[in-house]
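Inspection log for the structure reproduced underneath, given as structure tokens.
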Amino acid sequence: MTASFSQIILFTDNDGRARFQEQAIALTEGKPQAMLSPLMPSAGMQLRQSPVGFRSEFHCTGDPQWVFILSGQIDPRVHGHWSRQVGAEPLVTLFVRA
């Protein structure tokens, strides 16, 4: 069995609502102690720091991107496309454009 990474995709469906879809990315490169996915191209990356209490406006992301939470917390119960920082420390995220 090939190991894989589970990518969760947030997209806007035909009804205009945000939905989640899961997609497997096979880890076919590297060694058993460090399994890697194939190298993927990107169009750039951007770091963001959001202060305690941050909440974005409702929005749609036009270009596909990966979002990594580097520190802090984001509200996992949010349904729709806005984000909200929770907890006592600022939210730091990394966006990688696909």
Q.
Among the listed residues ALA24, ALA34, identify the single one that is assigned by TED's automatic domain parsing to the domain that holds PHE5 and in contact with a Ser or Thr (Cβ under 8 Å, 6 or more places away or on another chain).
A. ALA24
Q. Do you know which of the residues in the stretch 55-79 that are outside any strand (DSSP E or B) and among the β-branched types (Val, Ile, Thr) is modelled with the lowest pLDDT?
A. VAL78
Q) What pairs can you find where one residue is in the stretch 1-26 and assigned to a loop (DSSP other than H, G, I, E, B), the other is modelled with pLDDT of 90 or more, and their Cβ atoms are less than 8 Å apart, with a gap of 6+ or different chains? A) THR2/ALA26; THR2/LEU27; THR2/THR28; ALA3/ALA26; ALA3/LEU27; ALA3/MET35
Q) Pick from the stretch 1-32 the residues that are more than 18 Å from the chain's Cα centre (by Cα) and at pLDDT 90 or above: which of them is nearest to VAL96 (Cα to Cα)? A) LEU27
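The values are calculated or read from the model by the stated rules, or taken from the named source; none is laboratory data. Because the structure is predicted, anything quoted here is derived from the model rather than measured. Because the Cβ atoms are built from the backbone with ideal geometry, glycine has one as well, and the counts that use them run over all protein chains shown.
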